[in-house]
Each structure stands twice: as C-alpha cells, then as structure tokens.
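Note sheet for the following structure.
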Amino acid sequence: MELQELFLLAVEALRRNVGRTLLTMLGIIIGIASVITIMSLGAGSTKSIVDSISSFGANVLTVSPGRAKRGPGGESSVVTTLTSDDAKEIEKLNNVKSVSRVVSSSKTITANSESENVQVRGVDASYSEIQSLEFMSGGFFDEGDVLSAAKDVALGDEVVEELFGEGAEEFVIGETVRIDGRVFQIVGVLEESSEAIVPVTTAQNILFGQTHLDSISVEMEEAELSSLLEAEIESLLLDQHDIDDVEAADFNIRNSQNMVDTISSVTGTLTGLLSGIAAISLVVGGIGIMNIMLVTVTERTKEIGLLKALGAKHKDILSQFLIEAVVLTIMGGIIGIVLGMAVALVAATAMNIPFVVTPLSIALSVGVSVGVGILFGWYPASKAAKLHPIDALRYE
Amino acid sequence: MKGPLISFKEITKTYITGPVEYQALRGVSFDLEKGEFVSIMGPSGSGKSTIMNIVGALDTPTTGIYRLKGKDISHYDEDELAEIRNKEVGFVFQSFNLLSRTSVLKNVIRPMMYSNIDKKEREVRAMEKLEMVGLIDKASNLSNHLSGGQIQRVAIARALVMNPSIVLADEPTGNLDTKTAEEIMGTLKKLNDKGVTVIVITHEENIAEFTKRIIKIRDGVVV
C-alpha cells in the first residue's frame, strides 16, 4: 500500500475516537511544548544578554587585576598591582585608540534627604566614548576635570529618579548631591543606568583612598587585531610587574567576545539541561502512546483477522498501525510546537526578552515526534502484524 | 490448467495446545472442479471449519497435499498465503464481515488495496460488483447502517472484487432469518450460474440443499 493511503487510513481510524486520540496526544503535546518553550526562552535570554554586552562595543579590551583562572582555592585577596603607570604604557601601544582607568566601589549618595546605595565608578574622560555612553541630558566631564580631580558626577537615570523623583533629568544638571558626605555637582544624566560616574582622580584620592586600579578599558582601532594587542599588553604588563612566568600573571585580559562566548555557553548548558528534563515527558508520552496502541490492537483483533483474510500481508498490518502511531505523535508534535511558541511568546513578553524560535528547535521537535511514534508504535504494530488470521478472526 | 481446481489428498490437521493434542482432520481427500457449487456439511466439531481454513489458505495442513489450480500450497509461508487469499479466495463470513464505521464502497475496495490494481479501476470494479448484488445505491452508506442481509451481500460483492478462483462462504446465513437466508443462497446460486466456483460451509441441511454437491464431514473424515 502507498504511504498516502496508509496515512488516510490512520487519520480515519483516529477520527473514530477523537477523545481518546486527544488524550493520547496530550503527553507528546506537553513534552514538545515544554521543549519549544524552554529552547525559545533560552535563545531569547542569550540574545538579550549578548546584545547588551555587544553594545559595549566589540572593540574594547578590559584588563583586570587577579588571575585569569579563578575558582575554589584561588586567591581571594584584593590585587593592587594594576596602576595608572600601566594604563599610561598601554596607551603608547599600536592599535590603541584610547584608554581609561577604572576604579569602582559602592557608596551612599544623598540628596533631598533621600539616600541611595550606588555603585560609584571613577574613570577617565575617554570612558564615555569607549563605552558609548548615552546621555539623557547634560554631558561628561573632560580631561581637565580629571586632572584637577573635580567633584563632578554623571548620574544614572535610575539614581536620579530615586533621589529627585520621576522626570527630574532635565533640571538636575547643576544640582548637587553628596557622596559619602562630599558635595558633587551633577554634570549629566546617563540613560538606562544605575551608576554614578566621577573622575578617576577624584574617586582615588577623595572617595576610595586607593592608588591602584580596578580595571583598565582599552579601545582598539582595529577589532580584528585584538589577539595581537592582547599579547602585546600581556608582555608589557609582565615586564612592568617584573613577572617571568606567564602562569603567574597578576592580571587578565578579556574582550567582549570572550564574555559573549562564556555567557552563551552557560545559558546553552542550562537550556540543554532543562530541555533534557522536558524530554523525559516525551518518553512518558511515548509510553502512553504505546499503551493506547496496544489497547487498540486488542480491540481491533477481529478487524485485523478480517484484513488478513482479505490478503493483508505482515508488512501491510505493521505499516498501518505504525503509521497510526506516527500520525498520532506528529499531530501531537505540531500542536505542541504551536502551544510552545504561544507560551514562549507570552513569557518572553512578560520577561521583556526577545522572542526567538530557532528552526533547529522546530526541526528537532518534528524529528523527535516521528522518532517517538516509530519507537513506541513498533511493538504494538508488530504484535498486530504477527497475529494468526484464524486466531484473530475467532477472537471474542 | 490440468486437473481439478482444488485437490485435497490425505489432509490431516492436528492442533497442539500445551500438552493436549487434538486431531481435527484424519485424512481428508476430495477434488473440486471449476464452476462447482458445493457445500461442506457437518455438525460442529466435525472439522468442517478446519477444512474451510485450509481451503481458504488461512492455515496449512499438518500432513497431506493441498493443490490449488495445480500448485501445491501446503507449505506456503504467511505472506505467500496472504497473496493466495487476496488473489484466489473470496471470503464471506458468518459475522463481522465488514469494517465498522466504514462506507460500503471502501469495504469493497479494501482487497484491491492489498494488490497493485490501478486506483481508478478500483472504484469501477467495486461499483460493478455492488450492482451485481443490487446494492449500488448503498455504496456510500456506513457499514453499521445496513441490515444483516445487506451486510452479507456487501461481503459477497467484496468476495468477487478480485475475480477469485473460489468464493468461500462460512455459515453465510447463520445470523439471518429463513427468508433472507434463502435470498443470500439465491444470490450465491446466481453467481454459480455465471461460472463462479462457490463453496458453502454449513451445518444446516436445508442450506446445503441449495448446492449441487454436498460433502459430508464427521469426526474429521469425509462420510
């Protein structure tokens, strides 16, 4: 018999018992829907994180103190070896567009008798360009302010809202706030930020009382030559810090691509793990299908006997019941995909992440549906095909 | 083709269920010619159903030789027997003849789906046979909306659709009232008049009397 005929026979048989068909498919529907939802949300959150990292620019390297490999047993004490001299030397290298020193710490900001605990970052004037900062109003301090350790601050809009109320961005320029009790003048309001940014010299000398740096941001001319520059910075800093062994380096260099890769691999692993758990429900659904197909074969024993009397061969009966199981799982799979996408769309909207459905996840779901149908439909179908015509005809 | 259409030579059949052996046939021999109208008659337990199963290629004999159209099919395997049933035998059973909740036409077409008959021809042939049994107007009815007599006539139409060598009717009137039973036997007789070989399995004398030849079976042998 042709596949098309078998398919029509299967649909006819399944339509005879719509209620049972739907209940049998439920396991597959739930399984496929959860896999699709999880894969979609995983892809969406990865995209959201990657997008926000990439917005820092792919052409920025970050040099931080401490070893590259951190983990259990790694040093936990603060490394203070990264200095302004290092930043100055890095600036002299080829392919370096600009460099900004960075120090940061958490401080209390007060204004209007409101107070707020905020991450305060001390940077050079070039930082604004390196990180492509966006301002809602006002601007950034300049190099002169850095040299004179001016008490200027660029506040994140979220901080402004907390301290001055909603819609205050326009009139807070020129207003003052107190950071750790010292008066700072607001020069700009940053978009989508909850930080406060001050000149690095001011932060080091007045706020934090430290001479070392927490990181150095390096903007490159050519992002393609990133690995060359990384190597140059590495040898320069090893030289500066009098370290011979690369393994003993007291700093590490990251570019935004590294971070994207790391985060992608973490969310990928999580998505895979959750999908695996969801896939267990597919196996449960498959067993449900096997169970129902066994019941169907028993119920239709006489019919099988009759078909054999009419000349149905082993393969005719086998393929008829196998196709029936596969049609069941494919229909369940399709409903599951649609349901999963709907749930993912609602969840993605609620979580404010992009809605992403990869063709891979759909192809995978369809493939798995067919696979489950064949795997769990085989035993009942072969049981039907092996029935002896006389026994089947006489079955009561 | 030389020789008889059906040739049974010393056929025996022994059923073994666990430790119990039961010999249903103890050496049955007979020949049937093309175009015969025969009944195989005997009380229940006589072995007539076993004969039907072997004649209809539903089962194989334990010993002996069964020749159909001169071919020894005593040792055919399951799929080879299925092919014989499809091409050479048209069955009419006592009950559960039709696929439930399936149209009359689809029921009659079904045997042709197990053969490589052209799709367009299937419907033409099915309608032709339904006309023969006078049910052409019921072609699209569902099988469960038919009377007992109509069901048997659809079964006869289906039995004919592959143009088989024999039509094998197993107690075809068992579930019918006398009047309808006579109608069905009349239909089978008309087929025989057109040259179709018809074998009826029955335990009723008055049904057997419709046929031209009666083979009586008792305790697994021809009497």
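At-a-glance table
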| read-out | value |
| --- | --- |
| Qualifying position, being closer than 26 Å to A:Ala43 by Cα and among the small types (Gly, Ala, Ser), among A:Ala279, A:Ala312 | A:Ala279 |
| Selection from region B:142-182 of residues that are of a type outside the set (Gly, Ala, Ser), out of contact with any Ser or Thr (no Cβ under 9 Å at 6 or more places or on another chain) and over 17 Å from B:Ala208 (Cβ atoms) | B:His145, B:Leu146, B:Gln150, B:Arg158, B:Leu160, B:Val161, B:Asn163, B:Asp177, B:Lys179 |
| Residue in region B:129-145 that is part of a strand (DSSP E or B), of a type in the set (Val, Ile, Thr) and buried (at least 17 other Cβ atoms within 10 Å of the Cβ) present | no |
| Of the criteria (1) in contact (Cβ under 8 Å) with a residue 24 or more places away in the chain; (2) within 20 Å of B:Arg26 (Cβ to Cβ); (3) facing another protein chain (nearest Cβ under 10 Å), which one B:Asn53 fails | (1) |
| Residue match in region A:291-307 (condition: within 15 Å of A:Leu387 (Cβ to Cβ) and in contact with a strand residue (DSSP E or B) (Cβ under 8 Å, 6 or more places away or on another chain)) | no |
| Some residue of region B:208-220 being in contact with a helix residue (DSSP H, G or I) (Cβ under 6 Å, 6 or more places away or on another chain), assigned to a loop (DSSP other than H, G, I, E, B) and either at pLDDT 90 or above or of a type in the set (D, E, K, R) (or both) | yes |
| Subset of region B:118-137 (residues that are free of Cβ contacts under 8 Å to residues at least 24 places away in the same chain and at negative phi) | B:Asp118, B:Lys119, B:Lys120, B:Glu121, B:Arg122, B:Glu123, B:Val124, B:Met127, B:Glu128, B:Glu131, B:Ile136, B:Asp137 |
| Count of residues meeting criterion [more than 13 Å from the chain's Cα centre (by Cα) and crowded, with 24+ Cβ neighbours inside 10 Å] in region B:78-96 | 1 |
| Helices (runs of 4 or more DSSP H) (entirely within region A:281-392) containing at least 2 residues that are outside the structural domain of A:Asn17 (by TED's automatic domain parsing), under 30 Å from A:Ser52 (Cβ atoms) and without any contact (Cβ under 8 Å) to a residue 60 or more places away in the chain | none |
| Residues located in region B:77-117, provided they are among the charged types (D, E, K, R), more than 8 Å from chain A (Cβ to nearest Cβ) and out of contact with any Ser or Thr (no Cβ under 8 Å at 6 or more places or on another chain) | B:Asp77, B:Glu80, B:Lys106 |
| Among (1) of a type in the set (A, V, I, L, M, F, W, C); (2) part of a helix (DSSP H, G or I); (3) touching a Ser or Thr at 6+ places or on another chain (Cβ under 7 Å); (4) modelled with pLDDT of 85 or more - the single one A:Val50 does not satisfy | (4) |
| Number of the exception - B:Lys120 against (1) part of a loop (DSSP other than H, G, I, E, B); (2) among the basic types (Lys, Arg); (3) more than 11 Å from chain A (Cβ to nearest Cβ) | (1) |
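Condition check ((1) within 14 Å of chain B (Cβ to nearest Cβ); (2) farther than 27 Å from A:Ser361 by Cβ; (3) of a type outside the set (A, V, I, L, M, F, W, C)) across all residues:
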| site | (1), (2), (3) |
| --- | --- |
| A:Ala248 | no, yes, no |
| A:Thr262 | no, no, yes |
| A:Gly272 | no, no, yes |
| A:Ile277 | no, no, no |
| A:Gly285 | no, no, yes |
| A:Gly288 | no, no, yes |
| A:Thr296 | yes, yes, yes |
| A:His314 | yes, yes, yes |
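The values are calculated or read from the model by the stated rules, or taken from the named source; none is laboratory data. None of these values were measured; they are calculated from a predicted model. Backbone-built Cβ (ideal geometry, glycine too); neighbour counts: all protein chains shown.
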